[in-house]
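Here is the structure we will look at, set down as structure tokens.
The values are calculated or read from the model by the stated rules, or taken from the named source; none is laboratory data. Being a predicted model, the structure only gives us computed values, none of them experimental. Cβ placement follows ideal geometry from the backbone for every residue including glycine, while neighbour counts extend to all protein chains displayed.
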Amino acid sequence: MAEIEVNSGIDLHLDLAQDGSRRAALGAALRDAVTSGRLEPGTTLPSYRTLARDLSIARNTVAETYAELVSEGWLEARQGSGTRVAHRARAVTSTTAIPRPEIRPRYDLRPGRPDPGGFPRSVWLAASKRAVNGAPTEAFGPGDPHGRIELRRALADYLARTRGVQVDPRRIVVCSGFSQAADILTQLRATGPFALESYGLPYHRMVFEKAGATSPVDIDENGCCTDKLELADARTLVLTPSHQFPTGSPLHPARRTEAIRWAREHDGLIVEDDYDGEFRYDRTPVGAMQSLDPDRVLYIGSASKSLSPGIRVGWMVVPEHLLDAILAVKGVREATVGVIDQLTLADMIASGAYDRHVRAMRLKYRRRRDMLVDALEERAPHIGTMGISAGLQAVLTLPEDTEDAVLARAGEVGIALEGLAWFRHPNTRDDIGDGVLAGFAAPSDNSYAAAVDALVGVLASTDPNRRRG
């Protein structure tokens, strides 16, 4: 048995068994520390990086162990509070998880969340009334898995005009959003591996992992390092080229070209997630990658950010050779996207109401972003920013080994944030450092100034010069 002293805010004594895997040994040691009472409920655990360094094990081993213990109910994470020992109502066993109610934060600054108060209710209702009154009777029969032709025609015009997508309505397939589109693709290309950016949304990664392995590809300030695709041994590449999530970097033109070359030479498919493509502030709009090769790029978009996550309407622009197979997977009728929502969105796009709404929200979000950036420059100038020229969130770069502390402190004052580590692929060696993602779209107009003030107060406390002073 190896006895290790871990010092990262708390003194934690762990006995790690020498036989078996490091992950199993760490999990057993942490469970024992909880059940014995040595780790009290609410105790904040060391960060992935700190614990991995002190135990001389891989950071991914710590991350995977924490995730496993969260799923079992031993630990609790997210909501801006770091990773802590769960507040347990009873003793936890390895098969018993504790259900916990969702805690509503005082200030919700989690990324990727639009302003719910910005949903255009009156415009939506008017469009819905027009659409329903004008729809043919057959529209209210069993849903077409292809999607309503009214919406596909409107989307074809809109995407060509605003995103440079090359498409005719026949190659648009309506879906409920990225997750459904990804699930359909995994049924077509079930062998994997799927090449994913080394940082991205975990629940998107989980969809692909159900069908096969995922292989991370490094990212940097120019987006995904597509020159490293040969190392991924994949035939499907998933990208966020317009606005890489979470870092916000657009994919460099040379790397777009390299990705297309890879797809052509390896009979590959590029899945383009047009994340936040409509919300750009300071840079020339970046066109869709699909226009470079419509036969090698499958484009996915949705109304979840522009309108509301509650409007479950998305779309795929499908290469010709995949169209029949995708429709076959969807089945004989549409099971997820309501016809009235499709008709209403089609009316909004065709009437110009959708464009007007997007422009209004773009202006609002830009003002909010500017307020956050100005406050950081004034009160926390040591905090860097990334990805602020587009999207609904900013990456705030932090001093080394402060990410967990910032999340914990933010949770104490009622701020919900996400740390960069949450989005890191568990199998990557790529590490872009400590940081948090601050969403500036979701808070109400009345609470946003207070949210910024509270956040900047937390970040200002990480200034090393301030601590020394």
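Within segment 302-318, is even one residue of a type in the set (Gly, Ala, Ser) and in a helix (DSSP H, G or I)? Spell out how you get there, then give the answer.
Of segment 302-318, the ones of a type in the set (Gly, Ala, Ser) are 302-304, 306, 308, 310, 314.
In the following step, the residues that additionally are in a helix (DSSP H, G or I) were identified as none.
No: segment 302-318 contains no residue that is of a type in the set (Gly, Ala, Ser) and in a helix (DSSP H, G or I).
Just name the residue that is farthest from Glu320 (Cα to Cα) out of those in segment 162-183 that are within 26 Å of the chain's Cα centre (by Cα) and without any contact (Cβ under 8 Å) to a residue 40 or more places away in the chain.
Ser179
Tell me the helices (runs of 4 or more DSSP H) entirely within segment 338-413 that contain at least 1 residues that are closer than 30 Å to Asp54 by Cα. Break it down into steps so the answer makes sense when it comes.
Numbers: elements: 339-351, 353-379, 403-412.
Because the criterion is at least 1 residues that are closer than 30 Å to Asp54 by Cα, the helices (runs of 4 or more DSSP H) in segment 338-413 that meet it are 403-412.
Given the structure, is Ala213 outside the structural domain of Gly387 (by TED's automatic domain parsing) and modelled with pLDDT under 90?
Details: outside the structural domain of Gly387 (by TED's automatic domain parsing): yes; modelled with pLDDT under 90: yes.
When the stated conditions are applied, Ala213 passes them.
Determine which member of the set Ile260, Ile270 is part of a helix (DSSP H, G or I) and touching a Lys or Arg at 6+ places or on another chain (Cβ under 7 Å).
Values: Ile270 fails: part of a helix (DSSP H, G or I).
Answer to the selection: Ile260.
Would you check if there is a residue in segment 425-446 being in a helix (DSSP H, G or I) and not charged (D, E, K, R)?
There is no residue in segment 425-446 that is in a helix (DSSP H, G or I) and not charged (D, E, K, R).
Quick one: Leu251 ticks every box in (1) assigned to a loop (DSSP other than H, G, I, E, B); (2) more than 25 Å from Ile432 (Cβ to Cβ) bar one, so which box is it?
(2)
If you take the residues in segment 144-155 that are surrounded by fewer than 20 Cβ atoms within 10 Å (Cβ to Cβ) and in contact with a helix residue (DSSP H, G or I) (Cβ under 8 Å, 6 or more places away or on another chain), which one is nearest to Thr284 (Cα to Cα)?
Applying the first criterion (surrounded by fewer than 20 Cβ atoms within 10 Å (Cβ to Cβ)) to segment 144-155 yields 144, 146, 149, 153.
If we keep only those that are in contact with a helix residue (DSSP H, G or I) (Cβ under 8 Å, 6 or more places away or on another chain) too, we end up with 146, 149, 153.
Numbers: His146: 33, Ile149: 32, Arg153: 26 Å.
Filtering first and then ranking leaves Arg153.
Yes/no per residue for (1) modelled with pLDDT of 80 or more; (2) assigned by TED's automatic domain parsing to the domain that holds Arg312; (3) among the hydroxyl-bearing types (Ser, Thr, Tyr); (4) surrounded by 13 or more Cβ atoms within 10 Å (Cβ to Cβ):
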site	(1), (2), (3), (4)
Gln18	no, no, no, no
Ala29	yes, no, no, yes
Thr44	yes, no, yes, yes
Val62	yes, no, no, yes
Glu68	no, no, no, yes
Ser71	no, no, yes, no
Ala89	no, no, no, no
Thr93	no, no, yes, no
Ala126	yes, yes, no, yes
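One residue is enough: does segment 310-317 have a residue meeting the conditions assigned by TED's automatic domain parsing to the domain that holds Asp144, over 21 Å from Pro114 (Cβ atoms), of a type outside the set (Asp, Glu) and crowded, with 19+ Cβ neighbours inside 10 Å?
Pass one, segment 310-317, residues assigned by TED's automatic domain parsing to the domain that holds Asp144: 310-317.
Retained after the next criterion (residues that are over 21 Å from Pro114 (Cβ atoms)): 316-317.
Adding the requirement that they be of a type outside the set (Asp, Glu) leaves 316-317.
This time we only want the ones that are crowded, with 19+ Cβ neighbours inside 10 Å, so: 316-317.
Scanning segment 310-317 turns up at least one residue that is assigned by TED's automatic domain parsing to the domain that holds Asp144, over 21 Å from Pro114 (Cβ atoms), of a type outside the set (Asp, Glu) and crowded, with 19+ Cβ neighbours inside 10 Å.
Which count do you get for residues in segment 187-204 that are out of contact with any strand residue (DSSP E or B) (no Cβ under 6 Å at 6 or more places or on another chain) and either of a type outside the set (A, V, I, L, M) or closer than 27 Å to Ala394 by Cβ (or both)?
Adding up the residues that qualify gives 8.
Filter segment 46-58 for residues that are in a helix (DSSP H, G or I) and in contact (Cβ under 8 Å) with a residue 24 or more places away in the chain; which is surrounded by the most Cβ atoms within 10 Å (Cβ to Cβ)?
First, pick out the residues of segment 46-58 that are in a helix (DSSP H, G or I): 48-55.
Still in the running and in contact (Cβ under 8 Å) with a residue 24 or more places away in the chain: 48-51, 54-55.
Working: Tyr48: 23, Arg49: 20, Thr50: 18, Leu51: 25, Asp54: 17, Leu55: 20.
Checking each candidate, the answer is Leu51.
Could you figure out which of (1) buried (at least 19 other Cβ atoms within 10 Å of the Cβ); (2) closer than 28 Å to Lys129 by Cβ; (3) among the β-branched types (Val, Ile, Thr) isn't true of Val297?
The failed condition is (2).
Could you please find all residues in segment 200-251 being under 14 Å from the mean Cα position of the chain (by Cα) and basic (Lys, Arg)?
Arg205
Based on this model, can you work out whether Ser56 counts as hydroxyl-bearing (Ser, Thr, Tyr), modelled with pLDDT of 75 or more and within 28 Å of Glu400 (Cβ to Cβ)? Give the steps one after another, and end with the answer.
Details: hydroxyl-bearing (Ser, Thr, Tyr): yes; modelled with pLDDT of 75 or more: yes; within 28 Å of Glu400 (Cβ to Cβ): yes.
So Ser56 passes the test.
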